[in-house]
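First the structure, in the form of structure tokens, and then the observations on it.
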Amino acid sequence: MDIDKVAFTGSTKVGHLIQQYSAESNSKRVTLELGGKSPMLVFDDADLDQAADAAHTGLFLNQGQCCCAGSQLLFKTPSMMLLLKCIERAKKIKVGPQFYESTQGPQVDKFQFDTVLRYLAKGKEEGATVKAGGDRHGEKGYYVQPTIFTDVTDEMVSAKEEIFGTVMSILKFSTVEEVIERHRPSSS
């Protein structure tokens, strides 16, 4: 009751609980920054090396465990060259516990590791094509291979839910207005 405000960054599910608990206590103020998909749009006139670098950093930074991770890469015109550049960069990531040699560490804990692996399995089950990665890395630790899915549609779980891991979903778009509508939060 002595707390006047709660600021939370995390999952939508926990955000709903925080709002509920706030209303049931002293109706404290709440600031929430909740999960999302953070799409990156690539237009026909883009510098493909720059786009691939931005997409790579935007997702694979911190093992994909940041709220603004660019987990969706949307092409205006499907670009095989951009896709190949993204795959090349993902395959160059050195995953593992070797502090000075690796460029990607583990997921934060077993729960998140298992969650990312479930998303990978679901993506494959729903028909996404694995172009890089797609599984755990090694036999020990909570390491996940940097993964790129193509043939992703808006209905697939990997396109709708925040994975919070190194999983890039590649989709197509026609207009900016279409992308805005596709990413508009539902009222439910």
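The values are calculated or read from the model by the stated rules, or taken from the named source; none is laboratory data. Source: prediction; values computed, not measured. All Cβ positions, glycine included, derive from the backbone under ideal geometry; neighbour counts span all protein chains shown.
Summary of computed values
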| item | result |
| --- | --- |
| Residue within the range 22-38 that is surrounded by 14 or more Cβ atoms within 10 Å (Cβ to Cβ), touching a strand residue (DSSP E or B) at 6+ places or on another chain (Cβ under 8 Å), on the phi > 0 side of the Ramachandran plot and not β-branched (Val, Ile, Thr) present | yes |
| Any helices (runs of 4 or more DSSP H) falling wholly within the range 64-182 and containing at least 3 residues that are of a type outside the set (D, E, K, R) and surrounded by 13 or more Cβ atoms within 10 Å (Cβ to Cβ) | 80-92, 110-125, 157-160 |
| Candidates VAL30, VAL95, VAL42, filtered to the one that is outside the structural domain of LEU117 (by TED's automatic domain parsing) and not small (Gly, Ala, Ser) | VAL30 |
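Rundown of residues vs (1) closer than 19 Å to VAL130 by Cβ; (2) more than 13 Å from the chain's Cα centre (by Cα), yes/no style:
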site	(1), (2)
GLU24	no, yes
ALA46	no, yes
ALA52	yes, yes
LEU59	yes, no
GLN63	yes, no
CYS66	no, no
PHE75	yes, yes
GLY96	no, yes
PHE99	no, yes
